[in-house]
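Worksheet: the structure to be examined is printed underneath.
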Amino acid sequence: MQPTSPSDLASTGLTWSHRFSNLGEVFTEALETAPLPQPYWVGHSTSLAERLGLPSGWTESSELLEAFTGNHVLEGSQLRASVYSGHQFGVWAGQLGDGRACSLGELAGLEVQLKGAGPTPYSRRGDGRAVLRSSIREFLCSEAMHGLGIATTRALCVTGSDTAVWREQKETAAVVTRVAPSFIRFGHFEHFCHTHQHTELQALADFVIAHFYPECQTSTAWDSNPYTALLAAVTERTAKMIASWQSVGFCHGVMNTDNMSILGLTLDYGPFQFLDGYGPSHICNHSDTQGRYAFHKQPSIAYWNLFCLGQALMPLVKDQDNAVAALETFKAHYEHAFAKAMAHKLGFAEAHENQRPVIEEALQLLAAEKVDFTIFWRRLSHWAARRDLADASVLDLFINREAATNWLASYDALLDTTPDAPGAALMLQTNPKYILRNHLGELAIQAAKRKDFSVLHALQTVLEQPYAEHPKHDAFAQFAPDWAANIEISCSS
């Protein structure tokens, strides 16, 4: 979709602000452009463009195409990269930073970043580029998670170039424009704590509180310490985010502290995967040889990462007992959020203790045979609309039909004990028909390499509304083919 002619659309109606970079040069550094030749549009989000206030027909603008590829700086915007540090695979990695991302500033209160626009002072000898494959994956998964109602960064567009980039093999370059209220990470706080820049650490915490957690300024909890209140609030948001991941079978793959959002958003889509067959110990990241970030470990890893954040905030929190108490709220927040999410998957508006055995047995049955997680819950949603024990649509997913039949009878009896339960109506708005399976992303990527973006656009359509039926796209809701098991994703994905 190459724009047919230059346009001045980009010059009208875009008012940029720079709240984070205005904190000072120690937080971000200005960049020069590193142009990619002959960029072209790959995909875009119309809804997000409207949210940002982009003008109608913006994808016909040559100026915006160049700007969202990092070739041109729009009036009022800036190219800046931020510094942070972090723990990677449980080991302190020291200074990291935006190695292939840069911020343009904020539109309509949302920060706009380019990922893959070239080297930064934090590229650590890397080229600062992203490839078409990884950019399409991030674009689609950002919008898929948003469609699922899960806290996430968003993606405005992807642009491509035929410029060669080497990863495990020769690929072509691309840039994904991603959007969030802020991209501040746990690692930002770790950086200023562990480099003993405590004045800057406080400035960063004050900025986050003022703009994103104003309730912490006046909180009377935690001895009225706003930084302890911040730690507690981030803990709660993170717990809820992880519970939502577990309820839809989402594996992040690389939960380093520098990939953890201070706003509790799903951040940095690299070696992610939605489960096909349900395997609690599944490892989606080919680089994760020790299984640190296996699916079932995600809650405990989030908890560990929060303790790293707590350590980074200690110069401000000061009271260790209060910090630990704030962090300990993770368990209750997670258990409550996960129980409620699973109750919704079963058709109950609220979670109750009598649901726990049915949920636990369901997950055990799914794990025993690696039953497709998404298809099971979607079929159960339709089954709940009929409640016919002779309906074999759910039972057909299992080899051990006796165990499945017994479970289904227990679930049916549980529904009887809650006659006012929303049932199928709630389930069909909770259990998606469509998720971004690895093989679907791969189909979109392979077509895009041929400059055919029709698969990407069709897939985007269903992922933006994953609970709708979309009968024309039923193929996207089928079981993963055998070849999908051979797809390997790593930290370069």
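The values are calculated or read from the model by the stated rules, or taken from the named source; none is laboratory data. Note that this is a predicted model, so its numbers are computed, not measured. Heads up, the Cβs are rebuilt from the backbone with ideal geometry, glycines too, and the neighbour counts pull from every protein chain shown.
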Condition set modelled with pLDDT under 95 and out of contact with any Gly (no Cβ under 6 Å at 6 or more places or on another chain), scope the range 125-162, selection farthest from Gly249 (Cα to Cα): answer is Arg125
Taking the range 280-314 and the residues there that are in contact with a Cys (Cβ under 6 Å, 6 or more places away or on another chain) and not in a loop (DSSP other than H, G, I, E, B), the one that is nearest to Cys193 (Cα to Cα) would be Ala312
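Per-residue answers, yes or no, for (1) loosely packed, with under 15 Cβ neighbours inside 10 Å; (2) closer than 27 Å to Asp474 by Cβ; (3) outside the structural domain of Val248 (by TED's automatic domain parsing); (4) of a type in the set (Phe, Trp, Tyr):
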{"site": "Ile359", "(1), (2), (3), (4)": "no, no, no, no"}
{"site": "Ala368", "(1), (2), (3), (4)": "yes, no, no, no"}
{"site": "Val371", "(1), (2), (3), (4)": "no, yes, no, no"}
{"site": "Trp377", "(1), (2), (3), (4)": "no, yes, no, yes"}
{"site": "Pro422", "(1), (2), (3), (4)": "no, yes, no, no"}
Would you confirm, using the coordinates I've provided, whether Ser182 is at pLDDT 95 or above, among the polar types (S, T, N, Q) and more than 30 Å from Ala468 (Cβ to Cβ)? yes
Condition set touching a Gly at 6+ places or on another chain (Cβ under 7 Å) and under 20 Å from Ile445 (Cβ atoms), scope the range 463-488, selection surrounded by the fewest Cβ atoms within 10 Å (Cβ to Cβ): answer is Glu464
Considering residues that are at pLDDT below 95 and not hydrophobic (A, V, I, L, M, F, W, C), the number found within the range 370-404 is 4
Within the range 53-100, the count of residues that are assigned to a strand (DSSP E or B) and crowded, with 22+ Cβ neighbours inside 10 Å comes to 4
If we take the range 401-493, then helices (runs of 4 or more DSSP H) inside it with 3 or more residues that are farther than 21 Å from His252 by Cα and in contact (Cβ under 8 Å) with a residue 60 or more places away in the chain are 401-416, 424-427
Log entry, pairs with first residue in the range 300-325 being free of Cβ contacts under 8 Å to residues at least 40 places away in the same chain and surrounded by fewer than 21 Cβ atoms within 10 Å (Cβ to Cβ), second being charged (D, E, K, R) and part of a helix (DSSP H, G or I), beta carbons closer than 8 Å, six or more apart or on different chains, reads Tyr303/Lys331
Condition check: surrounded by fewer than 22 Cβ atoms within 10 Å (Cβ to Cβ), out of contact with any helix residue (DSSP H, G or I) (no Cβ under 6 Å at 6 or more places or on another chain) and closer than 24 Å to Glu111 by Cα. Does Gly291 satisfy that? no
Screening Ser56, Ser82, Ser61, Ser77 for residues that are closer than 27 Å to Phe272 by Cβ and hydroxyl-bearing (Ser, Thr, Tyr) leaves only Ser82
Among Asn438, Asn431, the single one that is at pLDDT 95 or above, under 23 Å from Gln364 (Cβ atoms) and not hydroxyl-bearing (Ser, Thr, Tyr) is Asn431
Counting only helices (runs of 4 or more DSSP H) entirely within the range 123-220, those with at least 2 residues that are without any contact (Cβ under 8 Å) to a residue 24 or more places away in the chain and in contact with a helix residue (DSSP H, G or I) (Cβ under 6 Å, 6 or more places away or on another chain) are none
| request: Could you tell me whether the range 287-308 includes any residue that is of a type in the set (Lys, Arg) and within 20 Å of Leu267 (Cα to Cα)? | output: yes
